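Input: a single structure, listed below in structure tokens.
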Amino acid sequence: MKTFRLLTAVSIAALAVLPSAALAQQKTLYVAGYGGSFEKTIRDEVIPTFEKENGVKVEYVAGNSTDTLAKLQAQKGNQQIDVAIVDDGPMYQAIQLGFCGKLDGLPTADLYDTARFKDDRAVAIGIVATGLMYNTKVFAEKGWAPPTSWNDLKDTKYAKQLVIPPINNTYGLEALVMLSKMNGGGESNVDSGFKIFKEQINPNVLAYEPSPGKMTELFQSGQAVIAVWGTGRVQSFANTGFPVDFVYPKEGAATLLTTACPIAKPNASPLASNFVKMLLDPKIQLVMLKDYGYGPVLKSLVVPPELGKMAPIGERAAKLYNPDWTIINDKREEWTKRWNREVER
């Protein structure tokens with residue numbers, strides 16, 4: 001088996017004193033991606049096989065997309081991460097900032113157009129829909145009809161039982177965009193969305209919760225009964241046997257692409273690109289669909305009917321709203337400050 005020389009995550013000070021021979025012996029690939037159920041799937045289904053086939057140790061660094069992007073910015077010039085798995089919004093930023101290397105050997109003919117990024121600096125590994133999650137058991141007990149609209153977030157019967165991720169999380173940000181779009185605005189003008197959150201949704205909010213683990217805890221404890229979340233997270237939660245379901249709002253669910261890229265740095269290991277491409281393997285795509293509700297990005301993949309009940313595939317995928325990340329990323333810092341000032345105070 002061919003041996004690759006990998007540069008591990010060590011500090012600049014350590015590099016100064018570590019002999020080159022010792023560096024050559026280090027064989028660790030650092031992958032930064034989501035925590036929670038996604039991390040479990042990667043650890044169970046991807047990492048063991050990759051380590052065995054490539055003779056390398058994979059260290060997984062869990063964090064949300066903005067955390068990973070912040071790490072890349074903090075480590076500029078001395079990147080410790082080899083592979084980044086983040087939402088599409090932060091990925092566009094990572095590419096713009098020059099953090100992503102080029103992916104060679106992608107199955108381009110088999111990839112949906114939406115999965116590809118300019119110059120193949122990244123690739124989508126799964127399609128997620130951002131919409132609504134609700135506790136089916138509680139709704140049935142209370143005689144409540146399932147939610148159907150983004151406007152249901154304003155319904156006073158959900159007072160202090162609604163959970164929404166904050167705006168530094170793609171789910172919360174896309175909820176803001178969708179509410180703005182429904183009320184005469186959109187990415188270029190989110191004033192109406194902020195007004196609705198501040199005046200009509202805030203009274204219902206139990207927590208603006210970014211942690212997937214805490215989100216599920218709030219549902220399991222009975223404190224929360226409705227939330228803004230993605231098909232991937234909801235599918236994973238439902239797989240545990242907890243009575244939740246996902247709703248595609250009638251005004252449209254928003255597209256969220258889970259994306260991956262190899263990090264550009266001196267002496268970057270080719271294993272980084274190989275790890276990303278392994279996530280496109282048909283077997284892994286089906287695992288992601290089953291475990292995580294991801295819509296596949298491969299045109300040729302045949303989806304078993306029992307696995308396609310919640311994920312954005314077929315007509316559901318075609319109807320998703322694709323946010324304009326060029327506008328959003330330019331305004332994101334401004335929106336975050338405004339959110340902290342007006343909404344999540």
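Counting only residues that are surrounded by 15 or more Cβ atoms within 10 Å (Cβ to Cβ) and out of contact with any Phe, Trp or Tyr (no Cβ under 8 Å at 6 or more places or on another chain), segment 213-232 holds 2 of them.
Only residues that are in contact (Cβ under 8 Å) with a residue 24 or more places away in the chain, surrounded by fewer than 17 Cβ atoms within 10 Å (Cβ to Cβ) and under 25 Å from the mean Cα position of the chain (by Cα) were counted in segment 184-201, giving 1.
Of the residues making up segment 103-119, those that are out of contact with any Ser or Thr (no Cβ under 8 Å at 6 or more places or on another chain) and either crowded, with 22+ Cβ neighbours inside 10 Å or closer than 23 Å to G295 by Cβ (or both) are L106, P107, T108, A109, L111, Y112, D113, A115, K118. Taking first residues from segment 146-162 that are closer than 10 Å to I226 by Cα and partners that are assigned to a loop (DSSP other than H, G, I, E, B), the Cβ contacts under 6 Å between residues at least 6 apart in sequence or on separate chains come to Q161/A224; Q161/V225. Does T136 satisfy being in contact (Cβ under 8 Å) with a residue 40 or more places away in the chain and either within 30 Å of A264 (Cβ to Cβ) or within 17 Å of the chain's Cα centre (by Cα) (or both)? Answer is no for this residue. For segment 277-308, a residue qualifies if it is among the charged types (D, E, K, R), modelled with pLDDT under 95 and under 20 Å from the mean Cα position of the chain (by Cα), and the qualifying residues are K290, D291. The residues in segment 308-342 that are in contact (Cβ under 8 Å) with a residue 24 or more places away in the chain and of a type in the set (G, A, S) can be counted, and the count is 2. Scanning segment 127-153 for residues that are open to solvent by less than 10 Å² (accessible area, probe 1.4 Å) and either under 13 Å from N202 (Cα atoms) or β-branched (V, I, T) (or both) turns up V128, T130, L153. The residues listed here are A272, A260; of these, the one that is closer than 20 Å to T108 by Cα, of a type in the set (G, A, S), over 15 Å from the mean Cα position of the chain (by Cα) and buried (at least 20 other Cβ atoms within 10 Å of the Cβ) is A272. Scan segment 154-166 and give yes if some residue there is aromatic (F, W, Y), open to solvent by 10 Å² or more (accessible area, probe 1.4 Å) and in a helix (DSSP H, G or I), otherwise no. Looking through segment 154-166, none of the residues is aromatic (F, W, Y), open to solvent by 10 Å² or more (accessible area, probe 1.4 Å) and in a helix (DSSP H, G or I). Of all residues in segment 31-79, those satisfying the criterion of being among the acidic types (D, E), more than 16 Å from the chain's Cα centre (by Cα) and in a helix (DSSP H, G or I) are D44, E45, E51, E53. Given the structure, is K283 part of a helix (DSSP H, G or I), over 24 Å from N64 (Cβ atoms) and open to solvent by 60 Å² or more (accessible area, probe 1.4 Å)? When the stated conditions are applied, K283 passes them.
The values are calculated or read from the model by the stated rules, or taken from the named source; none is laboratory data. All values reported here derive from a predicted model rather than from experimental measurement. So basically every Cβ, Gly included, is an ideal-geometry build from the backbone, and we count neighbours across all protein chains shown. Please note that ligands, DNA and RNA were not included when accessible areas were found on the heavy atoms of the full protein model with its side chains. Shrake-Rupley method; radii C 1.70, N 1.55, O 1.52, S 1.80 Å.
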